[in-house]
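What follows is a short report on a single structure.
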Amino acid sequence: MEDIATRCIDIIAKSKSIPANTITLASTFDELNIDSLDKINISFEVEEAFNIEIPDDALSTLKTVGDMVEGVTRLRTTHPPISTVTH
């Protein structure tokens, strides 16, 4: 989970142009000035980074960085990475 947390924090830091070391799992999206549009853009980045698909309704439940990390961890456990290879 630590790798997922680090990657999520890096994505958020890059998208908001803030130092990654100022973001913790307890950081709220409100504290980080992440609005609904930012959340959508960040979710696209996270989906691409982890090769997962985040359900649209799940975005509204995310309040902290930790929520996002838990969600990504859960999605990777219940839905194996989407294969980019077609048969």
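The values are calculated or read from the model by the stated rules, or taken from the named source; none is laboratory data. These figures come from a predicted structure and were not determined experimentally. Positions of Cβ are generated from backbone atoms using ideal geometry, with glycine treated the same way; all protein chains shown enter the neighbour counts.
Just a few scattered comments:
- Residue list for region 56-75, filter: at pLDDT 90 or above and more than 17 Å from Ala26 (Cβ to Cβ): Arg74, Leu75
- Taken over region 1-20, the criterion of being surrounded by fewer than 16 Cβ atoms within 10 Å (Cβ to Cβ), closer than 16 Å to Asp35 by Cβ and of a type in the set (A, V, I, L, M, F, W, C) is satisfied by Ile18 alone.
- Among (1) more than 21 Å from Thr78 (Cβ to Cβ); (2) assigned to a helix (DSSP H, G or I); (3) at pLDDT 95 or above - the single one Phe44 does not satisfy: (1)
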